Ligand code: AMP
C-alpha cells in the first residue's frame, strides 16, 4: 500500500539535498520529510483521522508548506484559506467543509474558536512558530504515511467565486499527481533547478503548480513570504526558474535591476492565473532575452494548457492543451463544438479535473457534461495550430443591442495604443442597448490621451457595436491577490453610469 502523491513528492529528492530555504531555515528533503512526520504526529494527537478536513488559514512559511505535506501524510484533506478572509467569510468555509481541525494565526485564534465550535483549533504564526509547531517538536513518530488511493481527496480548494458563494473543488491525489507529472516533464524540471517561490500558498498556483513541480523533480525552492521585486531580483543569480502572475512581470519590468545579465542563469519564466499582456511579454523579452511561458489553468482543473518549452511561445495565447487533457470549444447554448477558430466556452476532460464540488451535487451536475467534460466558464478559441486564446470569462461577455462583444478583443485594441498602460472593458446596464460597452483605461502618463482620441483610433479598428460608449480613466485597475482584474467590482462600482 502507499500514498501516491506524498510518496512521489519525496521520491526524487535525495535526503541530503536542499528542498527549500527561506525565513532563516534551509531544509533538505530529509528535514522536510521529518517536519511533515512530526506535524503528522501532532495532527493525530489533535484528533485528525484520515479523510478529515484540516482548514488552514495561516501566513506563508516553510512550516506551513510542511503542514500541507503532513496532511497528505496523514491522509487528511487539506483546505487552504486566504489569510485575508474575515471571520465572517471563514465561518462560511468552516460550516461548509466541516473540518475537524482549524489551524490559524494566534491573533485569530479566539475568533476562530467561536465560529468553529465543533473543530479543534491550533495556532501557527507567520514565522512558523506557535502551538502547532510546539506540539510537533514534542511529538513522537507517527508511523508511516497513511495509505491512500489515487481516488482519495488530497485537498479541497475553494474557488474565488466572484458571483455567488465560493465552491469547494474536490481535488484527488490523481488530479494533483498527474498534473504535477505533466508539468515537470513539459517544463523540464530536474534536481538541478532552483525555483523562486514568491506566490501565496493558499492558492493552487503556489501550492500545487510551483511546489509540486519542484518537489517531484527533487529541485530546491527559494521560499519568499510574499512577492517583492527587489527580493526576486536579488535571487535571480542563484535561481533557474520563476513562476508568477502577470503582475510579477510588470512590476519586475519597473525595476531598473531587471537586466539581461541579471537573468543570465535563469532558464524559465512562467506566467499564469491571469492574462499576460502581449506588451509585457515583448518588453520582458527585449529587456532580458527571455520569452515568458504562459500557461492556463484553474482551481477545479489544475493546468490545462501551456505554451511549449521548445517551440514558439506565442504572446496572447496560453499554448497547447497538456498531453493528457482533452480540450474543446463549444457553443454554450447547445454544447456543440464551434467551427474551427470560432469563440466558445472552453471545456476540458482529463485526469487533472476535480471530482466535483464538496457537498454540492447541483453545482457539480451543472459543471460537467454527460461525456465527462468540465465546463470551465472561460471563453476562448483555438488557432489553426491548436494554440488556445482566452477571450475572457463567460460571465464577462457583453451583450449589447443583442450582439456579443468579447472584452478581450476591445482591450487588445486599446492596449496597443501608444500611451496606454492597460485597460478593462465591461458591460454596464443601459436602457437602449441592454449593456453598453465601457472601457476603463490606465494611461502610462496622466493626460497622454483623452477619450476622444482613443475612440477615434478605435473607430478604424472595431465594428461600431464593439466601440465603447464611454471611456473612463483610472490610476489602476482593481485586482485580487492573484492579479486578476476584478471586473465584477468594476461593474458594481460603475453600475449607474448610464442612468
Ligand atoms: P483560479 O481558479 O483562481 O486559478 O482562476 C482560474 C481562472 O483564471 C481561469 O478560469 C481563467 O479565467 C483565469 N486564468 C488563469 N490563467 C490564465 C491565463 N494565462 N490567461 C487568462 N486567464 C487565465
Stokes-Einstein diffusion coefficient of the stretch 361-499, Kirkwood radius over Cα pairs, 25 °C, 0.890 mPa s, in µm²/s
150
Using only C-alpha atoms and all pairs of different ones, pull out the Kirkwood radius for the stretch 106-240 in Å with one decimal.
17.9
If each part is reduced to its alpha-carbon centroid, the stretch 38-71 and the stretch 77-95 end up apart, in Å, by 15
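If you count the DSSP beta bridges with both ends in the chain, what percent of them are antiparallel, to the nearest 5?
On the way: 47 of 78 bridges.
Of all bridge pairs located within the chain, approximately 60 percent are antiparallel.
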Kirkwood-type radius of the stretch 303-355, with distances r between different C-alpha atoms, in Å
12.4
Answer check: the stretch 227-393, Cα atoms, Kirkwood Rh, Rg/Rh ratio of 1.04
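Would you calculate, for the chain, the mean residue ellipticity at 222 nm contributed by helices, counting each DSSP H stretch of 4 or more residues as -39,500 (n - 2.57) and dividing by all residues, to the nearest 500? Please report the intermediate quantities before stating the final value.
Numbers: 15 runs with 141 residues, N = 499.
So the calculated ellipticity at 222 nm is -8000 deg cm²/dmol.
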For the chain, with equal point scatterers placed on the C-alpha atoms only and solvent neglected, what are the log10 I(q)/I(0) values from the Debye formula at q = 0.09, 0.13 1/Å, to two decimals?
-0.64, -1.31
Treating the Cα atoms of the stretch 25-64 as identical point scatterers in vacuum, please give the log10 of the normalised Debye intensity I(q)/I(0) at q = 0.22, 0.23 Å⁻¹, two decimals.
-0.85, -0.90
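Average the reciprocal distances over every distinct pair of alpha-carbons in the stretch 1-152, invert the result, and give the Kirkwood radius in Å.
Values: mean 1/r = 0.0643 Å⁻¹.
Roughly 15.6 Å, rounded to one decimal.
Laboratory data are not the source of any read-out in this text; all were calculated from the coordinates shown. The model shown is predicted, which means the values in this text are computed figures rather than measured ones.
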